[in-house]
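Values quoted throughout were computed directly from the atomic coordinates according to the rules given, and no laboratory measurement underlies them. Computed from a prediction, not measured in an experiment: that's the story for all the values here. Here the Cβ positions follow ideal geometry from the backbone for every residue, glycine too, while neighbour counts run over all protein chains shown.
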Amino acid sequence: MNTLYGVTRHLKSPPSTHCLSKTILATLCLSLSNVGEAAVPAADITLLPPSGSRTTFMSLSGYDVHEHHAAASSEQPLFKSYNRDADWWDNLVAEQIQARMPVILMASRGTGEGNMNPIELSGLIDAFNRAGVTPNIMKVACFLDTANWGIRAQSIYSQPFDLANNNMFARIVFDENVAPWFNTVPSQWWYRINGRPVIQIWGLNPAMTGGCINHANNYTNRLTWLANHFEVVYGVRPYFVPDKASVDEFWGDSSVRNNPDVYGLNGWFSPPNEPWTVVDHKHRIGTVIPGYVNPSHPTNPNQIIPRNNGSTFYNGIVSTLDTSFTLIEGWTNYQESNALYRSDAPGWSYPNQYINYLQEFNDPDARTMKLEAEACDTYNDFSSGNYGGKFRRGGDLDIQDTGDGNGWNVGWTQAGESIRHIGVFFANGNYRFTLRYSAPGNQQVRLRVKGQDLGVVNLPATGGWQNWDTIHLATGVNMSRGVADVELIFVTGDTNVDWIFIKKE
Ligand SMILES: [Ca+2]
Ligand SMILES: [Ca+2]
Ligand SMILES: [Ca+2]
């Protein structure tokens, strides 16, 4: 019975079980733990910064998610559970790594309301550290989601958010949003232009929840105060990218256009025919969405931008390549059909589709990439159900925690099973493919790239189901610019696999 296969043979052996006494068995533990050390040079499996892009894309990522919301959505993520615990952050970081995002744009709705409270961003920094992400690989930018400003003004002051009132602005905007964001995200992670951290600000429509009043001749003064105060506290002056409507509409403040701390303006998008915008004021700033459905009017065609099997997003990316930077809404936003995470929902051609689009344009040189085995697009699995029960919402692929506190692996592999990543972007050049695996005995796998069989590779025993090692599967694989499928076939099975690292030689 396939479902019984591996009940005893595939139990994980935590390294600590080897270490009965740290003092007596120190040498033995060291030698055992070394079994799992990388057999290939660290440089061969270290991400390089994305390079060659004509713009800087940044993924606006919400973190107010809860499983019951996602479960009710038609755009379920591949990953479970969607509840903002450490695993949730690990998965988000792994997805952003695979997309080679240079900047992850994290929203704040303030400490007062609790929905996207910026002190939660410590979870992101912890996940960066677990994944070995360093600030040269990915930066974090601040997005002030104004949705709660009016709510807080009503709650604290029993009146709309008043741009003429600097004390109100200081408390709600700086004390409850900006300060906790920048106090939680250490400064080495801040996305900067010319050394200045960038703060994007969403709209201040007077009809926003709770209300917003007195924009004219006041919004620009509040921004100047915020820049001055930020500089006093953090020793550096920020740049602002406000919402264009808050400047250009009759109710807005046109003097914001000339504010020296404003780097540019963000134009957002609008259904049904505007999935991307570029605003050219001081600098060209873009916004792109993969699709949109107004959750309050989900069947009104004027409130929908269809995904069109990904072409909406792809065309938007191509149309904004000449910007200083482009905001992408929104990585986890299933509520409005903007989600870009891995999903096998209708509207995605395959789970990693949107991630791969971003990889292509974030990192056109495609010098390094990392494909998580558990996040493959398709697979052959001979046992019914997910034996380990981890990571995926459904399906038969067998997945468990790696046991070293860093993600998941495919396990319970049998001869003839396989995993495949679809549409991975390569540049011109020769590539090397490296596998992180564990196996108690000697095993064999076979790599297939762009349909080309690269032969059987012998995997030496690593000494246990969770003793990890790395091995080059193939070198000098000549690729031409474009996308290709990467498939790993388990010739003998009984091999756990964590990821495939790909590097241009
Ligand atoms: Ca299975
Ligand atoms: Ca299996
Ligand atoms: Ca993995």
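The table below lists the values:
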item	result
Fraction of antiparallel bridges per DSSP, region 56-362 only, in percent to nearest 5	25 percent
Computed [θ] at 222 nm, helices only, for the chain once each DSSP H run of length n ≥ 4 contributes -39500 (n - 2.57)	-5500 deg cm²/dmol
Local electrostatic count, residue 459, Cβ distance below 15 Å [Lys/Arg +1, Asp/Glu -1]	-2
Three principal axis lengths of the chain [C-alpha, angstrom, descending]	73, 54, 41
Which of 146, 399, 422, positive extreme of dipole for the chain (C-beta unit charges)	422
From phi via Karplus (6.51, -1.76, 1.60), per-residue ³J(HN,Hα) for region 140-148 in Hz, x at Gly/Pro	10, 10, 9, 10, 8, 7, 5, 3, 9
Modelled label reach - residue 225, point 7 Å along Cα→Cβ, region 162-186 residues with backbone N closer than 14 Å	162-176
P(r) tail fraction, region 367-504 - alpha-carbon pairs more than 28 Å apart, %	12 percent
Gap separating the Cα centres of region 111-126 and region 216-244, nearest whole Å	22 Å
Stretchable slack from residue 480 to residue 67, in nm (0.36 nm times residue separation minus alpha-carbon distance)	144.6 nm
Label-point separation in nm, residue 461 to residue 296, each point 7 Å along Cα→Cβ	6.5 nm
Spin-label model distance (nm) - residue 321 vs residue 233, 7 Å beyond Cα toward Cβ	4.0 nm
Contact order normalised by residue count of the chain, Cα under 8 Å, 6+ apart, percent	17 percent
Within-9-Å neighbourhood charge of residue 352 [Cβ basis; K, R +1; D, E -1]	-1
Net charge of Cβ neighbours under 11 Å - reference residue 123; Lys, Arg +1; Asp, Glu -1	-3
Modelled label reach - residue 452, point 7 Å along Cα→Cβ, region 463-505 residues with backbone N closer than 19 Å	472-489, 501-505
Linear extension gain, residue 159 paired with residue 113, 0.36 nm per residue minus alpha-carbon span	14.9 nm
Check: region 240-347 dipole with +1 on Lys, Arg Cβ and -1 on Asp, Glu Cβ, in debye	220 debye
Test item: Cα-centred dipole of the chain, Lys/Arg +1 and Asp/Glu -1 on Cβ, debye	780 debye
Computed magnitude of the charge dipole of region 367-504 (debye, nearest 20; Cβ of K, R +1, Cβ of D, E -1)	700 debye
Contour minus Cα-Cα distance for residue 257 and residue 175 (0.36 nm per residue)	27.0 nm
Centroid-to-centroid separation of region 142-174 and region 436-505 [C-alpha atoms, Å]	54 Å
Taking region 367-504 and dividing mean pair separation by its residue count, relative contact order in percent (alpha carbons under 8 Å, at least six apart)	34 percent
For region 183-336, projected area of the alpha-carbon convex hull averaged over all directions, nm²	10.5 nm²
